[in-house]
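First comes the structure, then the notes that go with it.
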Amino acid sequence: MTHRSRCICVLFSVGLIASVSAADKNDKKPAPMLGATDPGKLIWPLPPDPPRIRWVTEYSDMAKLKPGAVKKASWLQKMTGDKLPDEKQDLKKPYGVTTDSKGRIYIADTERSMIFIVDPDKQVAERREPSTRAPLAMPVGVAVDAEDRLFVSDVSLHSLICFSASGEPLAQFGMAELGRPGGIAIDRPRGRVYVADAKESRIAMFDTKTFKFVRFIGGPDKNGKHEGGKFVGPTNVAVDKEGSVYVADTLNNRIQIFDADGKFVRMFGRQGDSPGEFIRPKGIAVDSEGHVYVADAEFNNFQIFSRDGKSLLAVGTFGYGPGQFALVAGLYVDARDQSYTTEMFHGRVQVFQYISQPETAGGKEVARTTHAN
């Protein structure tokens with residue numbers, strides 16, 4: 001069995017299936033433009049097994065959407081040297097992705113040094129660009145709290161920036177605690193923001209109200225002992241509804257789980273090319289039923305696990321078509337159980353829908369339709 005075949009074979013509850021994309025496998029073929037429709041109802045796993053994941057759409061060129069409210073550069077911007085509006089609207093190297101209560105999608109583009117905001121319902125795209133009041137150098141992680149305030153981690157600024165729901169900068173914090181901040185996640189009920197710090201090999205926690213540092217979770221895994229609760233280059237973090245914290249321990253090729261108090265609970269995964277194993281795990285998220293989603297930048301897919309780490313399903317392979325990936329990095333699951341992935345090589349966000357209880361009603365699939373919190 002080839003390396004790629006092993007990556008996409010998965011053990012689901014109904015048996016062994018091969019999860020392969022139905023899209024054109026010509027790697028050089030460009031993907032459809034932003035807002036593309038579902039090509040042939042792409043699903044995983046393949047029939048006769050009941051579908052669990054359905055491809056929805058993708059976003060790459062923001063010029064294909066209606067422009068949002070973009071202010072013209074003022075005389076003050078020109079004098080202070082703030083970045084002027086860029087005519088190009090395509091994603092370059094997106095990493096972090098999240099949504100707010102209105103279903104708008106926030107995308108951190110590390111190369112363009114800005115945040116793209118997409119409103120799928122209105123088909124509108126906006127941008128939040130760097131300025132003297134809102135510095136953005138290399139934004140990586142994005143997360144939205146219960147008040148729709150946007151938190152952004154910036155690896156070059158070694159800090160977090162918080163914006164109001166209307167986009168006004170509120171605070172910049174974490175400079176003393178963060179070395180190389182990456183993926184972030186917010187525990188909304190408890191008012192916490194977690195930051196993966198690859199340089200310091202730990203997770204930093206801050207209060208979302210006061211912006212004050214609370215504590216660290218973990219620390220460097222020294223001498224290759226692979227000790228539980230210790231990390232080597234963690235890149236991303238997620239939180240479930242119980243407040244448990246999930247960490248992509250990237251250079252250890254595993255996932256670690258902590259309780260709401262920061263105590264180590266368990267871990268799963270190891271280096272390898274079989275189901276349940278990793279080469280470069282990055283984006284991580286948890287859906288409403290407790291399934292753990294992990295994006296692997298080397299495999300160019302994302303795997304879905306049970307709460308206890310059992311491999312259930314793998315989605316995708318290398319390529320540029322729908323359901324394929326080129327250097328997948330970020331991953332987020334919203335309250336509707338829609339998952340969002342980012343690709344840094346191709347500059348794209350793809351959207352997938354988890355099908356909770358597949359039913360047949362006139363040949364149509366039934367999935368979650370509730371709005372995000």
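Just the residues that are under 17 Å from Val239 (Cβ atoms) and crowded, with 16+ Cβ neighbours inside 10 Å, please, taken from region 265-280.
Selection gives Met267 alone.
Kindly indicate which of Asp148, Asp154 is within 21 Å of Ile284 (Cβ to Cβ) and modelled with pLDDT of 95 or more.
Working: Asp148 fails: within 21 Å of Ile284 (Cβ to Cβ).
Matching residue, one of Asp148, Asp154: Asp154.
One residue is enough: does region 131-152 have a residue meeting the conditions in contact with a helix residue (DSSP H, G or I) (Cβ under 8 Å, 6 or more places away or on another chain) and in contact (Cβ under 8 Å) with a residue 40 or more places away in the chain?
yes
If you check every pair at least six apart or on different chains, which have Cβ atoms under 6 Å apart with a residue in region 183-200 that is charged (D, E, K, R) first and a residue that is outside any strand (DSSP E or B) and open to solvent by less than 20 Å² (accessible area, probe 1.4 Å) second?
Asp187/Gly243; Arg188/Asp145; Arg190/Gly243; Asp197/Leu178; Asp197/Gly179; Lys199/Gly179; Glu200/Gly179
Sort out which residues of region 288-303 are open to solvent by 10 Å² or more (accessible area, probe 1.4 Å) and not aromatic (Phe, Trp, Tyr), and write them in order of number.
The answer is Ser288, Glu289, His291, Glu298, Asn300.
Kindly establish whether Phe268 is touching a strand residue (DSSP E or B) at 6+ places or on another chain (Cβ under 8 Å) and aromatic (Phe, Trp, Tyr).
Criteria met by Phe268.
Looking at Ala248, Ala285, which one is touching a Gly at 6+ places or on another chain (Cβ under 8 Å) and either among the aliphatic types (A, V, I, L, M) or surrounded by fewer than 20 Cβ atoms within 10 Å (Cβ to Cβ) (or both)?
Numbers: Ala285 fails: touching a Gly at 6+ places or on another chain (Cβ under 8 Å).
Matching residue, one of Ala248, Ala285: Ala248.
For region 86-104, name all the residues that are over 17 Å from the mean Cα position of the chain (by Cα), outside any strand (DSSP E or B) and over 22 Å from Asp287 (Cα atoms).
Asp86, Glu87, Lys88, Gln89
Tell me which residues, restricted to region 105-145, are touching a strand residue (DSSP E or B) at 6+ places or on another chain (Cβ under 6 Å), among the small types (Gly, Ala, Ser) and in a loop (DSSP other than H, G, I, E, B).
Those that are touching a strand residue (DSSP E or B) at 6+ places or on another chain (Cβ under 6 Å), among the small types (Gly, Ala, Ser) and in a loop (DSSP other than H, G, I, E, B): Ala134, Ala137.
The values are calculated or read from the model by the stated rules, or taken from the named source; none is laboratory data. Values in this document were obtained by computation on a predicted structure and should not be read as measured data. Glycine also receives a Cβ, built like all others from the backbone with ideal geometry; neighbour counts cover every protein chain displayed. Keep in mind that these areas ignore ligands, DNA and RNA; they rest on the heavy atoms of the full protein, side chains included. Shrake-Rupley method; radii C 1.70, N 1.55, O 1.52, S 1.80 Å.
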